[in-house]
Amino acid sequence: MLRKLYDWVFSLARHRHATRSLAVVSFAESSFFPIPPDVMLAPMVLAKPERAYFYAMVCTIASVLGGILGYAIGYFLEPVGLQMLAWLGKADTFEASKALFQQHGAWVILIKGLTPIPFKLITIASGIFQFNLALFIALCVLTRGARFFLVAFVLKRWGPPMLAIVEKRLALFTVLFLVLLVGAFFMVKLIGH
(Lines give C-alpha, C1' and ligand atoms only; values in the text may rest on other atoms or scores of the structure.)
Protein backbone atom coordinates (compact mmCIF):
# COMPACT_ATOMS: atom_id res chain seq x y z
CA MET A 1 0.00 0.00 0.00
CA LEU A 2 2.83 2.41 0.88
CA ARG A 3 4.46 1.74 -2.51
CA LYS A 4 1.22 2.66 -4.31
CA LEU A 5 0.98 5.85 -2.29
CA TYR A 6 4.62 6.67 -3.12
CA ASP A 7 3.99 6.08 -6.84
CA TRP A 8 0.86 8.24 -6.71
CA VAL A 9 2.74 11.14 -5.09
CA PHE A 10 5.54 10.75 -7.66
CA SER A 11 2.98 10.92 -10.48
CA LEU A 12 1.65 14.21 -9.08
CA ALA A 13 4.98 15.80 -10.02
CA ARG A 14 4.04 15.51 -13.71
CA HIS A 15 0.56 16.95 -13.30
CA ARG A 16 -0.30 20.49 -14.48
CA HIS A 17 -1.15 21.40 -10.86
CA ALA A 18 2.12 19.97 -9.58
CA THR A 19 3.08 23.07 -7.58
CA ARG A 20 -0.19 23.01 -5.64
CA SER A 21 0.18 19.28 -5.08
CA LEU A 22 3.75 19.84 -3.87
CA ALA A 23 2.45 22.35 -1.31
CA VAL A 24 -0.28 19.96 -0.14
CA VAL A 25 2.13 17.02 0.20
CA SER A 26 4.69 19.20 2.03
CA PHE A 27 2.02 20.45 4.41
CA ALA A 28 0.55 17.01 5.06
CA GLU A 29 3.92 15.26 5.52
CA SER A 30 4.77 17.53 8.44
CA SER A 31 1.72 16.48 10.41
CA PHE A 32 0.23 13.17 9.25
CA PHE A 33 1.14 12.01 5.70
CA PRO A 34 3.78 9.25 5.30
CA ILE A 35 5.44 10.26 2.00
CA PRO A 36 8.08 13.07 2.02
CA PRO A 37 7.77 15.94 -0.47
CA ASP A 38 11.22 15.14 -1.89
CA VAL A 39 9.46 12.48 -3.98
CA MET A 40 7.80 15.32 -5.91
CA LEU A 41 10.46 18.00 -5.47
CA ALA A 42 13.22 16.01 -7.20
CA PRO A 43 11.45 15.29 -10.52
CA MET A 44 9.98 18.81 -10.61
CA VAL A 45 13.43 20.40 -10.20
CA LEU A 46 14.93 18.07 -12.80
CA ALA A 47 12.14 18.94 -15.24
CA LYS A 48 12.38 22.71 -14.64
CA PRO A 49 15.75 23.58 -13.05
CA GLU A 50 15.07 27.31 -13.43
CA ARG A 51 12.24 26.96 -10.87
CA ALA A 52 14.28 24.90 -8.38
CA TYR A 53 14.38 27.53 -5.63
CA PHE A 54 10.74 28.44 -6.11
CA TYR A 55 9.80 24.80 -5.55
CA ALA A 56 12.08 24.66 -2.50
CA MET A 57 10.36 27.76 -1.11
CA VAL A 58 6.92 26.18 -1.67
CA CYS A 59 8.08 23.05 0.18
CA THR A 60 9.53 25.08 3.04
CA ILE A 61 6.50 27.32 3.62
CA ALA A 62 4.00 24.46 3.34
CA SER A 63 6.13 22.19 5.53
CA VAL A 64 6.39 24.82 8.27
CA LEU A 65 2.63 25.42 8.16
CA GLY A 66 2.06 21.66 8.32
CA GLY A 67 4.52 21.52 11.21
CA ILE A 68 2.38 24.03 13.08
CA LEU A 69 -0.62 21.73 12.55
CA GLY A 70 1.44 18.79 13.86
CA TYR A 71 2.43 20.89 16.88
CA ALA A 72 -1.24 21.78 17.47
CA ILE A 73 -2.21 18.10 17.29
CA GLY A 74 0.34 17.29 19.99
CA TYR A 75 -0.46 20.33 22.11
CA PHE A 76 -4.26 20.45 21.97
CA LEU A 77 -5.06 16.84 21.11
CA GLU A 78 -2.40 14.97 23.06
CA PRO A 79 -4.26 11.60 23.03
CA VAL A 80 -4.56 11.85 19.23
CA GLY A 81 -0.89 12.81 18.99
CA LEU A 82 0.13 9.88 21.18
CA GLN A 83 -1.98 7.53 19.04
CA MET A 84 -0.31 8.85 15.88
CA LEU A 85 3.12 8.27 17.45
CA ALA A 86 2.00 4.74 18.34
CA TRP A 87 0.96 4.12 14.71
CA LEU A 88 4.41 5.27 13.66
CA GLY A 89 5.98 2.82 16.12
CA LYS A 90 7.34 5.49 18.48
CA ALA A 91 5.10 5.16 21.55
CA ASP A 92 7.61 2.93 23.37
CA THR A 93 10.30 5.64 23.22
CA PHE A 94 8.07 8.36 24.68
CA GLU A 95 9.87 8.84 28.02
CA ALA A 96 13.33 8.83 26.43
CA SER A 97 12.11 11.33 23.83
CA LYS A 98 10.64 13.55 26.54
CA ALA A 99 13.96 13.67 28.40
CA LEU A 100 15.82 14.37 25.15
CA PHE A 101 13.42 17.21 24.29
CA GLN A 102 13.74 18.73 27.73
CA GLN A 103 17.54 18.80 27.50
CA HIS A 104 18.17 19.39 23.80
CA GLY A 105 14.85 20.25 22.14
CA ALA A 106 16.25 22.79 19.68
CA TRP A 107 18.97 20.41 18.52
CA VAL A 108 16.47 17.58 18.13
CA ILE A 109 14.31 19.72 15.84
CA LEU A 110 17.30 20.96 13.82
CA ILE A 111 18.88 17.54 13.36
CA LYS A 112 15.73 15.54 12.73
CA GLY A 113 14.32 18.18 10.39
CA LEU A 114 17.27 17.67 8.03
CA THR A 115 17.10 13.90 7.93
CA PRO A 116 14.71 11.53 6.18
CA ILE A 117 13.10 10.73 9.57
CA PRO A 118 9.38 11.57 9.29
CA PHE A 119 9.08 15.21 10.37
CA LYS A 120 5.62 14.62 11.84
CA LEU A 121 7.32 12.75 14.71
CA ILE A 122 9.10 15.97 15.68
CA THR A 123 6.16 18.31 15.16
CA ILE A 124 3.70 16.23 17.17
CA ALA A 125 6.25 15.54 19.92
CA SER A 126 7.09 19.26 20.11
CA GLY A 127 3.44 20.00 20.81
CA ILE A 128 3.06 17.20 23.34
CA PHE A 129 6.18 18.35 25.20
CA GLN A 130 5.01 22.00 24.93
CA PHE A 131 8.22 23.19 23.28
CA ASN A 132 8.37 26.98 22.85
CA LEU A 133 6.17 27.69 19.80
CA ALA A 134 8.06 30.72 18.45
CA LEU A 135 11.39 28.88 18.68
CA PHE A 136 9.78 25.79 17.14
CA ILE A 137 8.61 27.80 14.11
CA ALA A 138 12.02 29.48 13.69
CA LEU A 139 13.81 26.12 13.87
CA CYS A 140 11.36 24.58 11.39
CA VAL A 141 11.99 27.40 8.91
CA LEU A 142 15.75 26.93 9.30
CA THR A 143 15.91 23.15 9.12
CA ARG A 144 13.23 22.55 6.50
CA GLY A 145 14.49 25.42 4.38
CA ALA A 146 18.03 24.05 4.56
CA ARG A 147 16.85 20.60 3.54
CA PHE A 148 14.66 21.61 0.61
CA PHE A 149 16.98 24.30 -0.72
CA LEU A 150 19.91 21.87 -0.51
CA VAL A 151 17.96 19.30 -2.55
CA ALA A 152 17.01 21.99 -5.08
CA PHE A 153 20.61 23.25 -5.30
CA VAL A 154 22.11 19.79 -5.75
CA LEU A 155 19.61 18.80 -8.43
CA LYS A 156 19.84 22.11 -10.26
CA ARG A 157 23.64 22.11 -10.20
CA TRP A 158 24.57 18.47 -10.75
CA GLY A 159 21.37 16.61 -11.59
CA PRO A 160 20.55 12.94 -10.95
CA PRO A 161 24.12 11.59 -10.50
CA MET A 162 24.78 13.91 -7.54
CA LEU A 163 21.41 13.16 -5.94
CA ALA A 164 22.30 9.46 -5.89
CA ILE A 165 25.57 10.29 -4.08
CA VAL A 166 23.80 12.51 -1.54
CA GLU A 167 21.13 9.87 -0.84
CA LYS A 168 23.80 7.19 -0.42
CA ARG A 169 25.83 9.36 1.98
CA LEU A 170 23.01 11.31 3.62
CA ALA A 171 24.32 10.61 7.13
CA LEU A 172 27.76 11.99 6.22
CA PHE A 173 26.27 15.16 4.70
CA THR A 174 24.04 15.61 7.76
CA VAL A 175 27.03 15.30 10.12
CA LEU A 176 29.04 17.78 8.05
CA PHE A 177 26.18 20.26 8.11
CA LEU A 178 25.82 19.86 11.88
CA VAL A 179 29.55 20.37 12.43
CA LEU A 180 29.35 23.59 10.42
CA LEU A 181 26.23 24.67 12.33
CA VAL A 182 27.80 24.00 15.75
CA GLY A 183 31.02 25.71 14.65
CA ALA A 184 29.07 28.78 13.54
CA PHE A 185 27.18 28.80 16.85
CA PHE A 186 30.41 28.76 18.87
CA MET A 187 31.97 31.44 16.67
CA VAL A 188 28.98 33.70 17.28
CA LYS A 189 29.26 33.06 21.03
CA LEU A 190 32.99 33.81 21.01
CA ILE A 191 32.56 37.00 19.01
CA GLY A 192 29.71 38.09 21.28
CA HIS A 193 31.90 37.91 24.41
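The values are calculated or read from the model by the stated rules, or taken from the named source; none is laboratory data. Here the structure is a predicted model, which is why all the values come from computation and not from measurement. All Cβ positions, glycine included, derive from the backbone under ideal geometry; neighbour counts span all protein chains shown. Note: areas computed on protein heavy atoms with side chains; ligands, DNA, RNA excluded. Shrake-Rupley method; radii C 1.70, N 1.55, O 1.52, S 1.80 Å.
Rolling a 1.4 Å probe over the protein heavy atoms gives segment 57-165 an accessible area of 49 Å² per residue. Dividing the radius of gyration of the alpha carbons in segment 36-150 by their Kirkwood radius gives 1.01 for Rg/Rh. Each of Ile124, Val39, Leu88 was placed along the dipole of segment 1-124 (beta-carbon charges, centred on the mean Cα), and the one lying farthest toward the positive end is Val39. With a cut-off of 14 Å between beta carbons, the residues surrounding Met44 carry a summed charge of +4, where Lys and Arg count +1 and Asp and Glu -1. For segment 4-93, the carbon plus sulfur part of the accessible surface works out to 68%, probe radius 1.4 Å.
Each peptide in 70-83, 140-153 receives the mean, over its residues, of other Cβ atoms within 10 Å, and ordering these scores from highest gives 140-153, 70-83.
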